[in-house]
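Visitor: Got a structure here, written out as structure tokens. Questions coming.
The values are calculated or read from the model by the stated rules, or taken from the named source; none is laboratory data. These numbers were taken from a predicted model, which means no experiment stands behind them. Note that we place each Cβ from the backbone using ideal geometry, even for glycine, and neighbour counts take in every protein chain shown.
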Amino acid sequence: EWPVGQEATWKTALKANDVDEDDVQGVANTIVRHVTTSLARQAGNMDTIAAYQATALSVRDQLIKRWNETTSYHTARAPKRIYYFSIEWLIGRSLDNAVLNLGMKNTYEDASRKLGFNFEDLLNEERDAALGNGGLGRLAACYIDSMATLSLPGWGYGLRYNYGIFKQMLSKTGEQLEAPDPWLDRENPWEIARLDVAYPIRFYGNVEPVANSDKAVWSGGMECLAVAYDTPIPGYATKNCANIRLWSAKPVQGFDLNSFNAGNYEASVHASSEVGNITQVLYPNDNMYQGKLLRLQQQYLWCSASLQDILRRFTKLELPWTQLPDYICIQMNDTHPTIVIAELMRILIDEEDISYDQAWKITTKVFAYTNHTVLPEALEKWEVSLFEKLLPRHLQIIYRINHDFLQQVAKRWPNDNDRLARMSIIEEGTPKYVRMAYLAIVGSFKVNGVAELHSQLLQATIFKDFVEFKGRDHFTNVTNGITPRRWLLQCNPELSALITHSLGSEAWLTNAQLLKNLIPMAEQKEFRKAFDIIKQNNKRRLAEVIEQELGITLNPRSVFAAQIKRMHEYKRQTLNIFAIIHRYLEIKKASPADRKKIQPWTFIFAGKAAPGYYIAKLVIRLIVNVGKIVNNDQDVGDLLKVVFIPDYSVSIAEVLIPAADISVQISTAGTEASGTSNMKLALNGALLLGTVDGANIEIAEDAGEDQCFMFGYLNDQVQQVRYNNSYNPTPLEQRSPELAAVFKHIESGAFGDAGIYDSLLKTVYEHDYYLVSNDFGSYLAAQKLVDELWGGDPEEWTRKAIITSCSMGDFSSDRSVQDYADGIWGVESERVPDN
Ligand code: TH1
């Protein structure tokens with residue numbers, strides 16, 4: 001391996017660069033070396049930003065070492081690999097997570113103290129990597145953490161947006177303002193630019209058929225390059241390190257040489273601007289599809305580059321193409337990467353000379369598809385004309401796939417034209433559309449939903465025809481999960497220490513089922529007290545941040561109820577804010593003596609609205625303005641506070657979640673596919689106040705319904721109620737007199753000029769598609785039960801919180817990822833030996 005005769009020098013050098021996990025001076029040495037070399041500063045001359053950067057670079061060295069060992073081990077072993085394709089990666093910060101997963105947190109704390117810094121301060125200098133909107137992007141981040149921790153041979157693939165999710169600010173009148181998120185303005189120590197790993201990507205152009213074959217030649221149009229940037233992801237308690245490879249678009253040539261030579265400098269740079277746009281910015285829609293050309297360009301660049309990269313790795317094995325499915329599996333995180341199916345077909349047919357039929361056999365054994373939503377407005381449908389312009393060859397292939405597929409359908413159901421129209425990958429009409437979910441189902445060997453109810457719903461509703469055609473086995477469920485490393489160990493160090501102490505080991509961090517061994521501790525007063533103190537400390541920590549940032553003083557003895565998620569009608573932040581106004585009116589009505597019996601609540605909201613989502617933005621405005629009135633009302637005092645925390649992020653979630661007493665999960669039944677903040681909050685001991693929807697159902701099952709406050713119409717009643725709301729409407733006064741009173745109060749101008757919320761109220765007055773009025777009464781009733789427990793039996797509350805937290809083992813993303821590995825991917829652990 002080594003240059004002949006130089007082995008000793010190499011080995012000595014490698015050894016000299018090694019730092020033991022507990023070698024404080026050694027770690028300090030590497031930090032100082034980065035200050036004086038990488039950062040080019042005089043030793044000692046550094047502020048906290050520089051100290052953070054040098055520390056991050058030191059940690060990065062550790063990661064790269066493991067990354068190298070993992071890659072060469074996997075190359076030598078050549079196992080089947082799993083590739084997780086996600087258009088969003090909502091990673092957040094990496095420093096704390098990395099040192100914890102490396103088992104070096106103490107060492108780094110000591111080293112920074114010895115260099116004159118407080119490690120906690122350094123952590124706060126890091127910017128979030130916010131390349132995602134919400135649950136879907138954060139799920140990918142949790143899954144790659146689990147893939148690394150389970151030592152699975154797997155990589156993530158995505159896009160390196162120059163701008164992540166926008167920064168949210170609030171105007172004086174409570175309106176959401178958006179600013180760009182220039183997260184790369186400071187150098188990103190967590191990425192490794194691989195300027196040598198670049199693939200050509202074509203857009204537009206022409207297709208020429210090749211006579212007597214399935215092949216075609218696609219040429220012309222616009223070419224650019226996709227360049228790789230790697231983010232190493234360390235596993236916990238393993239040397240394995242996974243990778244997220246993100247692509248950045250770059251012009252094939254920086255400028256046009258001809259114009260440059262002709263002295264036309266401006267024209268020479270100009271040509272590349274369309275290419276430069278492609279990976280500029282993340283689309284800020286969650287659960288909402290917008291058929292924009294630039295988005296399709298993003299999807300194709302990402303998929304084509306990733307696939308070329310994967311196939312290059314496979315071809316080094318010098319195996320026949322028929323063995324591709326034995327060596328690779330590609331998991332599609334929603335339909336965003338579905339074009340990769342047509343891309344694999346194109347490469348196999350046009351570039352590798354494989355027949356169409358053979359290519360299809362191979363292709364349909366490689367892909368699996370995860371669906372994350374049943375909301376019709378979120379399902380991707382590309383206009384055929386746009387598709388044809390940008391990706392003409394792919395459209396041809398999709399037509400062929402559809403043709404063969406419909407022929408099979410027609411064979412099974414002769415003369416059923418309705419069925420053919422329903423199932424066609426091409427939606428006929430003006431305009432015509434490509435239905436990406438259908439293409440994903442037809443091109444995959446497995447389709448899954450993300451919680452039990454959601455998976456059942458998929459099979460019973462939007463994919464029913466496909467279940468009949470493909471068979472039950474084509475569809476399955478993998479309930480979502482969250483990584484206990486970030487969502488307990490990192491964000492709640494005190495509770496983690498209590499758990500480790502009580503279990504006598506850290507094994508729960510890789511085997512979350514062990515948490516249930518602590519359930520009996522809920523009966524012990526001492527343990528309850530310890531648990532309670534930790535919750536109080538976390539609440540105080542949050543209250544301090546809110547006091548500092550927003551100038552609102554909170555009562556840490558009040559119920560902290562958190563609804564923290566994207567703003568969306570189906571998630572019903574409306575239900576919550578209307579109930580808050582109701583509570584406010586009750587407090588105002590009560591006599592001073594009666595007020596003493598009212599339980600104090602703090603309602604905490606955080607979440608962004610898509611910039612074009614008018615109603616969601618109005619809800620933010622209402623929440624903020626209700627807060628302004630309520631928080632400053634002398635009659636109310638400590639009994640009610642309403643806080644909207646701007647610019648919700650992974651880092652903010654890490655402070656909010658450990659401080660919550662109540663987890664507000666109140667989507668209309670059947671609308672929230674899974675939810676994942678419900679899992680994070682429960683793991684940190686918040687009681688579930690929720691509807692019978694998504695993963696709430698499984699959380700309540702595991703924690704025990706006694707621990708939860710469930711309410712609202714069930715999924716199977718929603719259709720009927722919705723129908724009645726539209727076609728046999730009753731006045732709001734009858735559906736819910738309490739809500740009618742709340743609306744009256746809003747309309748009186750109590751929270752800003754009369755009229756500003758009219759269009760929001762109208763959605764309820766009229767169709768009330770999300771059943772806000774229908775569920776209002778039972779939501780109030782559920783809150784009343786919360787009041788009784790909080791005021792009546794605090795010990796019992798803590799008991800329930802402990803039981804909830806310790807029952808969440810099933811919601812570790814390790815369990816989810818293991819389910820995928822066993823049930824779908826067919827990949828096994830390949831652990832780098834410890835030596
Ligand atoms: C979310 C779902 O709404 C949520 O219920 C689920 O827990 C989460 O995915 C993870 O599975 C979704 N996010 C998106 C984002 C886009 C399109 C569809 C969905 S569904 C852009």
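Visitor: Among the residues of segment 359-418 satisfying the criterion of being within 16 Å of the ligand (Cβ to nearest atom) and hydroxyl-bearing (S, T, Y), which is farthest from V450 (Cα to Cα)? Spell out the reasoning first.
Guide: If we filter segment 359-418 for residues that are within 16 Å of the ligand (Cβ to nearest atom), which is where we start, we get 368-382.
Retained after the next criterion (residues that are hydroxyl-bearing (S, T, Y)): 369-370, 373.
Values: Y369: 11, T370: 7, T373: 9 Å.
Selected residue: Y369.
Yes/no matrix, rows are residues, columns are (1) away from the ligand (no atom under 14 Å from the Cβ); (2) buried (at least 22 other Cβ atoms within 10 Å of the Cβ):
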| position | (1), (2) |
| --- | --- |
| V642 | yes, yes |
| I662 | yes, yes |
| I666 | no, yes |
| T676 | no, yes |
| K680 | no, yes |
| L688 | yes, yes |
| G694 | no, yes |
| D706 | yes, no |
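Visitor: While we're looking at this one, here's another question. Please work out if E654 is under 30 Å from S812 (Cα atoms), at pLDDT 95 or above, surrounded by fewer than 22 Cβ atoms within 10 Å (Cβ to Cβ) and charged (D, E, K, R).
Guide: Details: under 30 Å from S812 (Cα atoms): yes; at pLDDT 95 or above: yes; surrounded by fewer than 22 Cβ atoms within 10 Å (Cβ to Cβ): yes; charged (D, E, K, R): yes.
Answer is yes for this residue.
Visitor: What's the number of the only condition in (1) in contact with a Leu (Cβ under 9 Å, 6 or more places away or on another chain); (2) away from the ligand (no atom under 16 Å from the Cβ); (3) within 28 Å of L152 (Cα to Cα) that L317 fails to meet?
Guide: L317 satisfies every listed condition except (1).
Visitor: List, please: which pairs have Cβ atoms under 6 Å, are six or more places apart or on different chains, and start with a residue in segment 294-307 that is under 13 Å from V281 (Cα atoms) and end with one that is crowded, with 24+ Cβ neighbours inside 10 Å and not hydrophobic (A, V, I, L, M, F, W, C)?
Guide: Q299/H336
Visitor: Any chance you could count how many residues in segment 62-79 are crowded, with 17+ Cβ neighbours inside 10 Å and charged (D, E, K, R)?
Guide: Total satisfying the criteria: 2.
Visitor: Further, regarding this structure: Here are Y584, Y614: which of them is modelled with pLDDT of 95 or more, farther than 24 Å from P556 by Cβ and not aliphatic (A, V, I, L, M)? Talk me through it step by step, then tell me what you get.
Guide: On the way: Y584 fails: farther than 24 Å from P556 by Cβ.
So the residue among Y584, Y614 that is modelled with pLDDT of 95 or more, farther than 24 Å from P556 by Cβ and not aliphatic (A, V, I, L, M) is Y614.
Visitor: I've got another one for you. Show me the helices (runs of 4 or more DSSP H) found entirely inside segment 441-548 where at least 1 residues are under 24 Å from E380 (Cα atoms). Talk me through it step by step, then tell me what you get.
Guide: Details: elements: 452-460, 464-470, 493-503.
Fully inside segment 441-548 and qualifying: 452-460, 464-470.
Visitor: Select from segment 129-186 the residues that are away from the ligand (no atom under 15 Å from the Cβ), hydrophobic (A, V, I, L, M, F, W, C), outside any loop (DSSP other than H, G, I, E, B) and under 20 Å from the mean Cα position of the chain (by Cα) and list them in ascending order.
Guide: Listed by number, the residues that qualify are A129, M147, A148, W155.
Visitor: E125: modelled with pLDDT of 95 or more, crowded, with 17+ Cβ neighbours inside 10 Å and within 16 Å of the ligand (Cβ to nearest atom), yes or no? Quick ask: steps written out before the conclusion?
Guide: Details: modelled with pLDDT of 95 or more: yes; crowded, with 17+ Cβ neighbours inside 10 Å: yes; within 16 Å of the ligand (Cβ to nearest atom): no.
For E125, the condition - modelled with pLDDT of 95 or more, crowded, with 17+ Cβ neighbours inside 10 Å and within 16 Å of the ligand (Cβ to nearest atom) - is not met.
Visitor: Restricting attention to segment 526-536, does a residue exist that is of a type outside the set (S, T, Y), farther than 15 Å from V655 by Cβ, within 16 Å of the ligand (Cβ to nearest atom) and without any contact (Cβ under 8 Å) to a residue 40 or more places away in the chain?
Guide: no
Visitor: Turning to a different aspect of this structure: If you check M332, M345, which single one turns out to be part of a strand (DSSP E or B) and in contact (Cβ under 8 Å) with a residue 12 or more places away in the chain? If you could, list the steps in order and put the result at the bottom.
Guide: Details: M345 fails: part of a strand (DSSP E or B).
Going through M332, M345 in turn, just one is part of a strand (DSSP E or B) and in contact (Cβ under 8 Å) with a residue 12 or more places away in the chain: M332.
Visitor: Yes or no: segment 168-182 includes at least one residue that is touching a Phe, Trp or Tyr at 6+ places or on another chain (Cβ under 9 Å), at pLDDT 95 or above and under 30 Å from I31 (Cβ atoms).
Guide: Within segment 168-182, one or more residues are touching a Phe, Trp or Tyr at 6+ places or on another chain (Cβ under 9 Å), at pLDDT 95 or above and under 30 Å from I31 (Cβ atoms).
Visitor: Would you confirm, using the coordinates I've provided, whether T70 is under 28 Å from the mean Cα position of the chain (by Cα) and part of a helix (DSSP H, G or I)? Give the derivation first.
Guide: On the way: under 28 Å from the mean Cα position of the chain (by Cα): yes; part of a helix (DSSP H, G or I): yes.
The answer is yes for T70.
Visitor: Return the pair list, or none, for Cβ contacts closer than 6 Å from residues in segment 220-247 that are more than 24 Å from I330 (Cα to Cα) to residues that are surrounded by fewer than 21 Cβ atoms within 10 Å (Cβ to Cβ) and of a type in the set (S, T, N, Q), at least 6 apart or on different chains.
Guide: G220/N206; A237/T510
Visitor: W487 is checked against (1) more than 16 Å from the ligand (Cβ to nearest atom); (2) under 19 Å from K516 (Cα atoms) and fails just one. What number does that condition carry?
Guide: Checking W487 against (1) more than 16 Å from the ligand (Cβ to nearest atom); (2) under 19 Å from K516 (Cα atoms), the one that fails is (1).
Yes or no, residue by residue, for (1) among the small types (G, A, S); (2) modelled with pLDDT under 95; (3) closer than 24 Å to Y779 by Cα:
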| residue | (1), (2), (3) |
| --- | --- |
| P493 | no, no, no |
| S505 | yes, no, no |
| N511 | no, no, no |
| L514 | no, no, no |
| L518 | no, no, no |
| Q524 | no, no, no |
| E547 | no, no, no |
| N555 | no, no, yes |
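Visitor: I'd like to know if segment 361-370 contains one or more residues that are crowded, with 17+ Cβ neighbours inside 10 Å and either among the charged types (D, E, K, R) or part of a helix (DSSP H, G or I) (or both).
Guide: yes
Visitor: For segment 434-446, how many residues meet the condition of being crowded, with 20+ Cβ neighbours inside 10 Å and more than 14 Å from the ligand (Cβ to nearest atom)?
Guide: Initially, segment 434-446 is screened for residues crowded, with 20+ Cβ neighbours inside 10 Å, giving 434-444, 446.
Now restrict to residues that are more than 14 Å from the ligand (Cβ to nearest atom): 434-435, 438-439, 441-444, 446.
Final tally of qualifying residues: 9.
Visitor: Further question on the same structure: Given (1) buried (at least 19 other Cβ atoms within 10 Å of the Cβ); (2) of a type outside the set (D, E, K, R); (3) part of a helix (DSSP H, G or I), where does Y84 come up short, assuming only one miss?
Guide: Unmet for Y84, out of (1) buried (at least 19 other Cβ atoms within 10 Å of the Cβ); (2) of a type outside the set (D, E, K, R); (3) part of a helix (DSSP H, G or I): (3).
Visitor: Name the residue that is farthest from A78 (Cα to Cα), counting only residues in segment 323-332 that are buried (at least 24 other Cβ atoms within 10 Å of the Cβ) and either within 16 Å of the ligand (Cβ to nearest atom) or of a type in the set (F, W, Y) (or both).
Guide: Keep residues of segment 323-332 that are buried (at least 24 other Cβ atoms within 10 Å of the Cβ), which gives 329-332.
Now drop any that are not either within 16 Å of the ligand (Cβ to nearest atom) or of a type in the set (F, W, Y) (or both), which leaves 331-332.
Details: Q331: 19, M332: 22 Å.
Checking each candidate, the answer is M332.
Visitor: OK, next. So K292 ticks every box in (1) within 16 Å of the ligand (Cβ to nearest atom); (2) at pLDDT below 95; (3) surrounded by fewer than 17 Cβ atoms within 10 Å (Cβ to Cβ) but one. Which box is left unticked?
Guide: Result: K292 fails condition (2) only.
Visitor: Ok, one more. Going by the structure shown, is Y820 assigned to a helix (DSSP H, G or I), in contact (Cβ under 8 Å) with a residue 40 or more places away in the chain, farther than 30 Å from A522 by Cβ and of a type in the set (S, T, Y)? I'd like the intermediate steps shown before the answer.
Guide: Details: assigned to a helix (DSSP H, G or I): yes; in contact (Cβ under 8 Å) with a residue 40 or more places away in the chain: yes; farther than 30 Å from A522 by Cβ: yes; of a type in the set (S, T, Y): yes.
Yes, satisfied.
Visitor: Go through (1) modelled with pLDDT of 95 or more; (2) not in a helix (DSSP H, G or I) and name the single condition N774 misses.
Guide: So N774 meets the others, but not (2).
Visitor: For residues that are closer than 16 Å to M104 by Cβ and among the hydrophobic types (A, V, I, L, M, F, W, C), scanning just segment 14-48, find the one that is surrounded by the most Cβ atoms within 10 Å (Cβ to Cβ).
Guide: V27
Visitor: Taking I546 as the residue in question, decide whether it is under 26 Å from Q818 (Cβ atoms) and either touching a residue at least 24 places away in the same chain (Cβ under 8 Å) or surrounded by 17 or more Cβ atoms within 10 Å (Cβ to Cβ) (or both). Before the answer, list the steps.
Guide: On the way: under 26 Å from Q818 (Cβ atoms): no; either touching a residue at least 24 places away in the same chain (Cβ under 8 Å) or surrounded by 17 or more Cβ atoms within 10 Å (Cβ to Cβ) (or both): yes.
Spelling it out, it is not the case that I546 is under 26 Å from Q818 (Cβ atoms) and either touching a residue at least 24 places away in the same chain (Cβ under 8 Å) or surrounded by 17 or more Cβ atoms within 10 Å (Cβ to Cβ) (or both).
Each row is one residue, and each column tells you yes or no for (1) surrounded by fewer than 20 Cβ atoms within 10 Å (Cβ to Cβ); (2) more than 26 Å from L489 (Cα to Cα); (3) touching a residue at least 12 places away in the same chain (Cβ under 8 Å).
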{"residue": "Q717", "(1), (2), (3)": "yes, yes, yes"}
{"residue": "V721", "(1), (2), (3)": "yes, yes, yes"}
{"residue": "Q734", "(1), (2), (3)": "yes, yes, no"}
{"residue": "Y770", "(1), (2), (3)": "no, yes, yes"}
{"residue": "S778", "(1), (2), (3)": "yes, yes, yes"}
{"residue": "S813", "(1), (2), (3)": "no, no, yes"}
{"residue": "S816", "(1), (2), (3)": "no, no, yes"}
{"residue": "V827", "(1), (2), (3)": "no, yes, yes"}
